[in-house]
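Below is one structure, written out as structure tokens, with a few remarks after it.
Rule-based calculations on the coordinates, nothing more; no lab input. Because the structure is a prediction, the values reported are computed rather than measured. Don't worry about glycine lacking a Cβ; one is built from the backbone with ideal geometry, like all the others, and counts go over all protein chains shown.
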Amino acid sequence: MNFSDLAESLPIERRLALSYAASAARRACGALLGFDAMLGHLIRSSREPLLGQLRLAWWREELAKPVGTRAKGEPLLDALEVFGERTGELVGLIDAWEGLLGEAAIAGQAFNALAEARGEAWARVAQVVGNGSAAQKARTAGYEWALADLGCHLSNPDERAGVMGLIGDCRWLPADVPRDLRPLKVLHGLARRSRGSRPLLGRRRDLLAGFRLGLLGF
């Protein structure tokens, strides 16, 4: 699997967002989106929590290793090399996804922790692509996108109510992030329209809004 294959494997709204990435930031944005999507799939497909924990432990151990000493032949792990020495900081995203393992109803704190970790990961992208001054804005936009993304995928009424409460507490201002973070701007803009009530590309007008955000930034 090369980078193009990795991009094509993403959910449709992430593929749309990534298509507007600046060339200098495409690999970092794509690697994060792919990593986050993989972790989500791993959690959803792990019927046995212990098996899921073992699979997450492998990723945690690999990311903690110095650059150049990690396992070879895993395309996504190779893609994450773009984060350099900051790759290990993505372990927090693994920990947060692990909080969703299990069959019992998940408390709102776990969803909030995951949204915060996803926002923090976007802050890392901002730093990696040379826009460290925009890290806080990326963190906020990533947090809000994460909540909307979670909200539209939850079927348990209690879990959904918890996430919708967090969504209601957000300010939902337009994401003021630099051009290098245009994929995040697209995702946040779609999330701002959805706010967890429907899929981010649930309507044709959402797709048109995504095109406008990607091309014009508003």
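Tabulated data for the structure shown
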| read-out | value |
| --- | --- |
| Mean separation of Cα contacts under 8 Å (6+ apart) over length of the stretch 60-158, as relative contact order % | 21 percent |
| The stretch 3-216 - Rg over Rh from alpha carbon coordinates, Kirkwood radius | 0.94 |
| Kirkwood Rh, Cα atoms: Rg over Rh of the stretch 72-133 | 1.06 |
| Set of aspartates and glutamates with alpha-carbon distance to Lys137 below 16 Å, sequence-local pairs under 8 removed | Glu116, Glu120, Asp176, Asp180 |
| Span-rule helices in the chain, defined as complete DSSP H runs reaching 27 Å or more along the axis (Cα) with Kyte mean at least -0.5 | 26-45, 108-128 |
| Rounded to the nearest 20 debye, dipole of the stretch 3-216 from Cβ charges on Lys, Arg, Asp, Glu | 960 debye |
| Space enclosed by the convex hull of the alpha-carbon atoms of the stretch 102-179, per residue, Å³ | 91 Å³ |
| Pairwise centroid distance, computed over Cα atoms, of the stretch 1-59 with the stretch 133-180, Å | 18 Å |
| Length-normalised contact order of the chain in % [C-alpha pairs under 8 Å, at least 6 apart] | 22 percent |
| Value of [θ]222 nm, deg cm²/dmol, for the chain, DSSP H segments ≥ 4, -39500 (n - 2.57) each, nearest 500 | -20000 deg cm²/dmol |
| Percent of C-alpha pairs per 10 Å bin, the stretch 149-200, short to long | 26, 48, 22, 4 |
